[in-house]
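The values are calculated or read from the model by the stated rules, or taken from the named source; none is laboratory data. A quick note: this is a predicted structure, and the numbers were derived from the prediction, not measured. Here Cβ is always computed from backbone atoms with ideal geometry, including for glycine, and neighbour counts include all displayed protein chains.
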Amino acid sequence: MKYRQLTKEQFEELHLEFATFLAAQQIDIKEWNAIKKDKPKVAEEEMNIFSDVVWDKVMQKANYLEHFSANSINLFRCDAEEIHRVVVKINKEGVNLLNTDDYNWFVDNSQDKSIEYFKGQKPYVKERNLEVFDLIEKGSVVSDGKLYEAVFKLIS
């Protein structure tokens, strides 16, 4: 398995897509129920294959990621061959970027002397999609890239 199996909730959300996936393999609902009952390992493998297909599609479309903590923001642009990273670090007592008011303070005071910016890039060590998936598993979320591009422009 390339990634991880989708959760029960994710399978429920994608039940129509999973049914289509099974139908493409000429497995109908009656046969699927029999496979689950009589061949649980085969059922598990089908679910793993479907999960990998779904995750691959999601990772391919994930061009920007964000990861917030109390005093920093990690922003990523995931290109085909390398990943770009911008880090915003707040060195101000009492500021918590997870709080809306403090985040808005950062937006309004992006040139404050208590804010440090770092940027860099590196080629992928593993396959692109696996590295993007790893960042998501560690707490990053897919974004539209507006914050990355705004901060990158600010510090360039």
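The table that follows gives values for the structure above.
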read-out: Count of residues meeting criterion [surrounded by 14 or more Cβ atoms within 10 Å (Cβ to Cβ) and within 21 Å of E137 (Cβ to Cβ)] in the stretch 11-43; value: 2
read-out: Odd one out for N99 among (1) under 18 Å from the mean Cα position of the chain (by Cα); (2) more than 30 Å from V54 (Cβ to Cβ); value: (1)
read-out: Residue within the stretch 39-50 that is β-branched (V, I, T) and closer than 29 Å to L135 by Cβ present; value: yes
read-out: W105 being more than 28 Å from V132 (Cα to Cα), in the same structural domain as N129 (by TED's automatic domain parsing) and not in a loop (DSSP other than H, G, I, E, B); value: yes
read-out: Checking A70 against (1) closer than 20 Å to I136 by Cα; (2) part of a helix (DSSP H, G or I); (3) touching a Leu at 6+ places or on another chain (Cβ under 8 Å), the condition it does not meet; value: (2)
read-out: Considering residues of the stretch 57-79 that are charged (D, E, K, R) and in contact with a Phe, Trp or Tyr (Cβ under 8 Å, 6 or more places away or on another chain) only, the residue farthest from E127 (Cα to Cα); value: E66
read-out: Some residue of the stretch 42-50 being hydrophobic (A, V, I, L, M, F, W, C), part of a strand (DSSP E or B) and either touching a helix residue (DSSP H, G or I) at 6+ places or on another chain (Cβ under 9 Å) or closer than 18 Å to K153 by Cβ (or both); value: no
read-out: Among (1) over 21 Å from E149 (Cβ atoms); (2) in contact (Cβ under 8 Å) with a residue 60 or more places away in the chain; (3) assigned by TED's automatic domain parsing to the domain that holds S140 - the single one Y3 does not satisfy; value: (3)
read-out: Matching residues in the stretch 128-156 - criterion: being surrounded by 12 or more Cβ atoms within 10 Å (Cβ to Cβ), more than 13 Å from H84 (Cβ to Cβ), without any contact (Cβ under 8 Å) to a residue 60 or more places away in the chain and not hydrophobic (A, V, I, L, M, F, W, C); value: D134
read-out: Residue count, the stretch 92-129 (criterion: among the hydrophobic types (A, V, I, L, M, F, W, C) and touching a helix residue (DSSP H, G or I) at 6+ places or on another chain (Cβ under 8 Å)); value: 4
read-out: Verdict on V86 being more than 22 Å from M1 (Cα to Cα), assigned to a loop (DSSP other than H, G, I, E, B) and of a type in the set (A, V, I, L, M); value: no
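Residues are listed down the side, and each one gets a yes or a no for (1) modelled with pLDDT of 95 or more; (2) under 19 Å from F68 (Cβ atoms); (3) in the same structural domain as F68 (by TED's automatic domain parsing):
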| site | (1), (2), (3) |
| --- | --- |
| F118 | yes, yes, yes |
| P123 | yes, no, yes |
| K126 | no, no, yes |
| V132 | yes, yes, yes |
| L135 | yes, yes, yes |
| K138 | yes, yes, yes |
| V142 | yes, yes, yes |
| L147 | yes, yes, yes |
